[in-house]
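Comments concern the structure below.
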Amino acid sequence: MKNINITRKISQGMYVLTTKNGGCIVDAVSQISSGENPLISVSVMKKNYTNELLKNNNKFAISILGKDVNPDIIKTFGFNSGREINKFENTEVNQVEGINVIKDSLGYMICEIVDSIDNDTHTLFIGKLIEADIYREKEEMSYGYYQEHKEELLKVTTEKGKTAWICTICGYIYYGDEVPEDFKCPLCGVGKELFKKQE
Ligand code: FE
């Protein structure tokens, strides 16, 4: 027996992972050791542009999102690819250690990459925390909270007169009467069964 749904009970958060020239939304961030320079791990989809960038950079930043974050941050960093748009164009950032961190966050951690592990879908990057700060003492947004409030948070607007199917994982919109059988979400890779028709 392998009921993989139990993994949904693992608490995860909502973060913007950035490095030089790019960034994306991630949910799997952990502190995996303690001390003065704890190790922080972050898992990134291999198909993400940010993953490609991280292979050629030695640092990353994690900006921790609060429940009150402007949803545009999630849209910009989660529903687009840095291959197509400049995600920083309309986002207020602070430069720390040469990396853009998100101003509209609870704070950030800058890590120096010490190791990485690849599997078929993701790369786990492990970094040593070298700099960090707290911007606001507010409640963080958990991944569970995001999933529960996604619709109201993102208020997905679709083009009128077209049938829209929304990826329940990442928010990508597919237009058409039916999602093709072999369709894979271009942003997060899930299949047709995870698309919901917009009513
Ligand atoms: Fe998706």
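The values are calculated or read from the model by the stated rules, or taken from the named source; none is laboratory data. Keep in mind that what you see is a predicted model, and the values were worked out from it rather than measured. Neighbour counts run over all protein chains shown; Cβ positions are idealised from the backbone, glycine included.
Comparison of Lys87, Lys128, Lys192 shows that the only residue that is within 16 Å of the ligand (Cβ to nearest atom) and of a type in the set (Lys, Arg) is Lys192.
Whether a residue is in contact with a helix residue (DSSP H, G or I) (Cβ under 8 Å, 6 or more places away or on another chain), surrounded by fewer than 20 Cβ atoms within 10 Å (Cβ to Cβ) and in contact (Cβ under 8 Å) with a residue 24 or more places away in the chain was assessed, and Met14 does not pass this test.
In the range 105-199, counting only strands (runs of 3 or more DSSP E) that sit wholly within it, the ones holding 2 or more residues that are within 30 Å of Lys20 (Cα to Cα) and in the same structural domain as Glu36 (by TED's automatic domain parsing) span 107-118, 122-134. Tyr146 meets each of the listed conditions (1) surrounded by fewer than 16 Cβ atoms within 10 Å (Cβ to Cβ); (2) touching a helix residue (DSSP H, G or I) at 6+ places or on another chain (Cβ under 8 Å) apart from (1). Report yes if some residue within the range 56-69 is among the aliphatic types (A, V, I, L, M), closer than 18 Å to Cys167 by Cβ and crowded, with 16+ Cβ neighbours inside 10 Å; otherwise report no. Scanning the range 56-69, I find no residue that is among the aliphatic types (A, V, I, L, M), closer than 18 Å to Cys167 by Cβ and crowded, with 16+ Cβ neighbours inside 10 Å, so the answer is no.
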